[in-house]
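Down below is the structure, laid out as structure tokens.
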Amino acid sequence: MSPVCQLAVELDPEARLASAADKYERAISLNGCSKVLALPGLRLGWLTCRDKGMRDAVLTLKDYTTICAAAPSEVLALIAVRAAPRLIARNLQTIRDNIDAVKAFAAQWHSVLEFSPPQAGSVAFPRLKQQFMDIVAATHKEGIQKGVSVIESFADEVVAECGVLILPASVYGHESSTHSGHFRLGLGRRNLQECLKRLGQHLEKALGA
């Protein structure tokens, strides 16, 4: 079996990928209310699989582990699914607006940050440029000597000093991305531009600009 999580919606409808379950008879495609419909608290989702034996096994397991989902969650999920086109359009617009904001921010701080927009979903993985990583390393020598990476040091500094949370690549166990200064940046928040403003103020302070 080949399970594939397909919780993201492509930003460009022309580049939309087919469901894995449509392409391979033993693939399992997972989806749910969390990402696309912005309802993670409901804890509801579904899977698609053409293998009847696997579907039956999943249903049997579910019967043993969960008698039924919470009725209020099911009602809210039904309302959301019926309104899916409007919800998806709204969420995609938020993501597109935030991508434009991050592009402008990266252009302003081109000596600090490199940003490649995602093709789908609400998450990007920018990276710090080496010149700025050297500055961060110089101000966090003690931590670096203890094995804390530069991007981890920067993430800790940012959340402590300006209340903006970014996740270093080390959280995902990706060593090369950690070394190159990559971090996770969520694009689905409506207050992202305020977060970027705070981050910019922090960079001004760090660089003495």
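The values are calculated or read from the model by the stated rules, or taken from the named source; none is laboratory data. Because the structure is a prediction, the values reported are computed rather than measured. So basically every Cβ, Gly included, is an ideal-geometry build from the backbone, and we count neighbours across all protein chains shown. All accessible areas refer to the heavy atoms of the entire protein, side chains included, with ligands and DNA or RNA removed. Shrake-Rupley method; radii C 1.70, N 1.55, O 1.52, S 1.80 Å.
General observations
- Failed criterion for ALA155 (all others in (1) at positive phi; (2) surrounded by 14 or more Cβ atoms within 10 Å (Cβ to Cβ) hold): (1)
- Looking only at region 117-130, and only at residues there that are modelled with pLDDT of 95 or more and not aliphatic (A, V, I, L, M), the one that is nearest to VAL102 (Cα to Cα): PRO126
- Test for VAL81: is it without any contact (Cβ under 8 Å) to a residue 60 or more places away in the chain and part of a helix (DSSP H, G or I): yes
- Pairs with Cβ under 7 Å, 6+ apart, first in region 184-207 and free of Cβ contacts under 8 Å to residues at least 60 places away in the same chain, second open to solvent by 30 Å² or more (accessible area, probe 1.4 Å): ARG198/GLY163; HIS202/GLU161
- Just so you know, in region 37-65 the residues that are open to solvent by 60 Å² or more (accessible area, probe 1.4 Å) and among the β-branched types (Val, Ile, Thr) include one that is nearest to the chain's Cα centre (by Cα), and it is THR48.
- Contact map, region 138-162: first residue farther than 13 Å from HIS202 by Cα, second residue among the acidic types (Asp, Glu) and assigned to a helix (DSSP H, G or I), Cβ cut-off under 6 Å, separation 6 or more or different chains; the map is empty.
- Single match in GLY32, GLY45 (criterion: in contact with a Ser or Thr (Cβ under 8 Å, 6 or more places away or on another chain), farther than 19 Å from ARG189 by Cβ and not hydrophobic (A, V, I, L, M, F, W, C)): GLY45
- Unique match (being surrounded by fewer than 17 Cβ atoms within 10 Å (Cβ to Cβ) and either under 24 Å from ARG189 (Cβ atoms) or of a type outside the set (Ser, Thr, Tyr) (or both)) among ALA20, ALA106, ALA89: ALA89
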